[in-house]
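This report concerns only the one structure given below.
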Amino acid sequence: MDISIHSSFLPQNDPEAAIAFYRDTLGFEVRNDVGYGGKRWITIGPAGQGGPSIVLYPPEASPGITDDERRTIAEMMAKGTFGIVLLATHDLAGTFERLQARDADIVQEPTDQPYGVRDCAVRDPAGNMIRIQQLR
């Protein structure tokens, strides 16, 4: 089979804060920004690279969810337990310094993990956990 990863989804509850974080702090490019019904779906990815994207979406727009589920999603987003993405870099120390300089919500400084990777963790403005690991 010829299957590849095209996009993955992360929730966002503030489009402007999401764009500022992913574009200005992480250096991603905005590939698409679509508004519909007063909500926005923002497609981002590493600048200058094709391939997989992340779609930052308004979770309340998901079809078929109940008010209770919306509240649960909002609570999980606030705790950083709803959306998670794993990124990688050749320069974890430099990336972490940039995150600190831009006042990112640091969860964990670069650490050698017992499972064999060195990584750090931050939260985006919606509370999504972003782990960034050092490429070997």
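The values are calculated or read from the model by the stated rules, or taken from the named source; none is laboratory data. All of these numbers come straight from a predicted model, not from anything done at the bench. Cβ sites come from the backbone with ideal geometry, for glycine too, and all protein chains shown count toward neighbours. Surface areas here come from the heavy atoms of the whole protein model, side chains and all, with no ligands, DNA or RNA. Shrake-Rupley method; radii C 1.70, N 1.55, O 1.52, S 1.80 Å.
Taking only protein heavy atoms into account and a 1.4 Å probe, give the accessible area per residue of the range 1-110 in Å². Please report the intermediate quantities before stating the final value.
Working: 6860 Å² over 110 residues.
Value returned for the range 1-110: 62 Å² of accessible area per residue.
Divide by every residue of the chain the summed helix terms, -39500 (n - 2.57) for each DSSP H run of at least 4, and state the resulting mean residue ellipticity at 222 nm, rounded to the nearest 500 deg cm²/dmol. Can you show the working numbers first?
Working: 3 runs with 28 residues, N = 136.
Dividing the helical sum by the residues of the chain leaves -6000 deg cm²/dmol.
Can you tell me the alpha carbon radius of gyration of the range 62-136 divided by the globular rule-of-thumb value 2.2 N^0.38 Å?
Values: Rg = 14.7 Å, N = 75, 2.2 N^0.38 = 11.3 Å.
In units of the 2.2 N^0.38 Å rule of thumb, it is 1.30.
When the Karplus curve 6.51 cos²θ - 1.76 cosθ + 1.60 is applied with θ = phi - 60°, which whole-Hz ³J(HN,Hα) does each residue of the range 73-79 get, with x for Gly and Pro?
4, 4, 5, 5, 4, 4, 8
Return the FRET efficiency for the residue pair Arg31, Ala78: r is the Cβ-Cβ distance, R0 is 41 Å, and the value is rounded to the nearest 0.05. Intermediate values should be presented prior to the final figure.
Numbers: r = 27 Å, r/R0 = 0.66.
About 0.90, to the nearest 0.05.
For the chain, what % of the accessible area comes from carbon and sulfur atoms, probe 1.4 Å? Display every interim value, and only then the final one.
Numbers: 4190 of 8150 Å².
Accessible surface attributable to carbon and sulfur in the chain totals 51 percent.
Note down the accessible area of Arg131, probe 1.4 Å, to the nearest 10 Å².
60 Å²
So what are the three principal axis dimensions of the chain from its Cα atoms, in whole Å, longest to shortest?
Here the Cα extents, ordered largest to smallest, are 42, 35, 33 Å.
Please list, in order along the range 120-136, the HN-Hα scalar couplings obtained from phi with the Karplus expression 6.51 cos²θ - 1.76 cosθ + 1.60 (θ = phi - 60°), rounded to whole Hz, x for Gly and Pro.
With coefficients 6.51, -1.76 and 1.60, one gets 9, 9, 9, 10, 7, x, 8, x, 4, 7, 10, 9, 10, 10, 6, 6, 7 Hz.
Using only Cα atoms, tell me the angle between helix 92-101 and the longest principal axis of the chain; keep it within 0 to 90° and round to the nearest 10.
So the inclination is approximately 60 degrees.
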